[in-house]
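Written below as structure tokens is the structure these notes are about.
The values are calculated or read from the model by the stated rules, or taken from the named source; none is laboratory data. Just so it is clear, the model here is predicted, and its values are computed rather than measured. Heads up, the Cβs are rebuilt from the backbone with ideal geometry, glycines too, and the neighbour counts pull from every protein chain shown. Calculation scope for accessible area: heavy atoms of the full protein, side chains included, ligands and nucleic acids excluded. Shrake-Rupley method; radii C 1.70, N 1.55, O 1.52, S 1.80 Å.
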Amino acid sequence: MAKVTAVITGVGKYVPDYILTNKELETMVDTNDEWIVSRTGIRERRILKEEGKGTSFLCIEAAKDLFSKKKTDPKTIDLVIVSTATRDMIAASTAAYVASEIGATNAFSFDIDSACSSFLYGMSVVSAFIESGKYKKILLIGGDKNSSMINYNDRNTCIIFGDGAGAVLFEPNEEGLGVQDEYLRTDGTGREFLRSLKSGSSYPPKLGDIINEDNFVKQEGSTVFKRAVSEMANVSEEILKRNDLKKEDINWLAAHQANKRIIDATAKRVGLDDSKVMMNIEKYGNTTSATLPLLIADYEKQLKKGDKIIFAAFGGGFSWGAIYMKWAYNS
Ligand code: UT7
């Protein structure tokens with residue numbers, strides 16, 4: 001019997017209408033367009049402004065986009081996973097709400113949070129479920145309302161992050177396409193350098209507390225940058241080696257969009273020229289769990305059946321890794 005693998009069979013996306021430009025950021029913090037573009041590659045990012053709308057809103061819209069493009073009946077979905085670092089609420093599953101709202105009434109659902117690696121790790125979970133034969137149709141949505149955890153007085157973070165979501169449908173395949181291999185890593189000593197100290201259980205809020213900068217994400221940018229450069233390149237090289245792949249064999253690098261310089265350095269180490277590197281950071285900034293599915297959505301039309309793609313991510317925790325996939329369809 002042929003081995004069953006997990007392939008992507010459809011993709012949808014959503015970004016909010018509001019565009020936060022570098023020019024507008026110049027009016028908020030001590031920064032400038034030239035610095036942001038040369039240090040990060042980011043020109044603008046999308047922000048979800050409407051009061052009361054959380055990450056679920058982004059995820060629901062991305063899933064609806066997928067359903068309308070692919071003519072999928074949500075009732076046929078077995079499992080909905082929401083990869084996110086910005087759940088709607090503590091103590092209530094975001095995925096459960098998303099699944100109900102999109103009409104995936106025959107699915108169960110759960111969230112995965114591993115900061116910027118959430119979607120990559122989600123791909124690993126989906127692939128294991130499908131290979132085992134346990135579930136057949138899995139919707140993996142990567143979405144983050146990063147603006148909910150950003151201090152817009154902090155130029156180390158507010159210039160980088162944006163909001164968005166991408167939804168990807170996975171199904172079984174017996175032609176040897178889809179997820180081929182993964183190499184995933186974590187290092188908990190990294191949490192000192194990228195985190196929101198007072199947004200979880202370590203330092204819960206007390207009545208009468210006044211909000212301060214510890215309630216928002218802070219990072220030691222250059223430490224995170226250096227580690228991201230070396231680890232994303234390490235895992236990408238490792239996954240090529242383990243699968244006997246030469247740089248000429250690779251059609252695409254889909255790397256987490258945190259900083260153009262990190263992506264360029266990873267591509268250089270692996271030996272890929274710009275034409276093989278997916279890039280949309282200039283439009284959206286770092287959308288955390290949404291960067292990889294937004295790349296897939298934006299590049300879908302250029303992808304050909306059999307294309308070899310290396311997905312790579314690095315983020316808070318620290319958490320990072322790479323997945324090797326063979327694309328399954330021509331659009
Ligand atoms: O997705 C999760 C993983 N996150 C990341 O991968 C983010 C990784 N880090 C980065 O992308 C970069 O470290 C940043 C974009 C955050 C910062 O870039 P950098 O090249 O590492 O700058 P830096 O922090 O080393 O600072 C260089 C200079 C400093 O000035 P002095 O001390 O040299 O005078 C900063 O104060 O740039 C200054 N600076 C800024 N200037 C204008 C820092 N942020 C800004 C800013 N605008 N927004």
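List of remarks:
- Here is how the number arises for the chain: DSSP H runs of 4 or more residues each give -39500 (n - 2.57), the sum is divided by the residue count, and the result at 222 nm is -9000 deg cm²/dmol.
- DSSP-defined antiparallel bridges as percent of all bridges, segment 5-176, nearest 5: 65
- The charge dipole of the chain, taken about its Cα centre with unit charges on the Cβ of Lys, Arg, Asp and Glu (plus for the first two, minus for the last two), comes to roughly 520 debye.
- Formal net charge of residues neighbouring V11 (Cβ-Cβ distance under 12 Å; K, R +1; D, E -1): +1
- For segment 188-331, the normalised intensity computed at q = 0.09, 0.11, 0.17 Å⁻¹ comes to -0.33, -0.47, -0.93 (log10 of I(q)/I(0), Debye sum over alpha carbons, equal scatterers, no solvent).
- Under 5 Å, built H, 5+ apart or other chain: amide partners of H256: A312, A313, F314
- Measuring max minus min along each principal axis, the C-alpha atoms of segment 23-91 give extents of 50, 31, 20 Å (largest first).
- Length gained when the stretch I19-A92 is fully extended (0.36 nm per residue, less Cα-Cα span): 23.3 nm
- Cβ-Cβ distance of K305 and E34, R₀ of 56 Å, FRET efficiency by 1/(1 + (r/R0)^6): the value works out to about 0.85.
- Model label points for S230 and D244, set 7 angstrom from Cα along the Cα-to-Cβ axis, are 3.2 nm apart.
- The residues of segment 91-145 have, on average, 37 Å² of accessible surface per residue, using a 1.4 Å probe with all protein chains present.
- Counting every C-alpha pair in segment 5-176, the share spaced more than 24 angstrom apart comes to 39%.
- Within segment 206-241: backbone nitrogen closer than 17 Å to the R191 label point (7 Å, Cα to C-beta): 214-220
- Environment charge of A128, counting only residues whose C-beta is closer than 13 Å and scoring Lys/Arg +1, Asp/Glu -1: -2
- Cross-link table K241/K301; K49/K276; K198/K226, entries beyond 31 Å C-alpha to C-alpha: K49/K276
- Average 1/r across all pairs of distinct alpha carbons in segment 114-264, invert it, and you get the Kirkwood radius: 18.2 Å.
- Paramagnetic reach from Y203 in segment 12-31 [backbone N under 16 Å; point 7 Å along Cα→Cβ]: none
- In the chain, the portion of solvent-accessible area held by carbon and sulfur atoms comes to 49 percent [1.4 Å probe, whole percent, DNA, RNA and ligands not counted].
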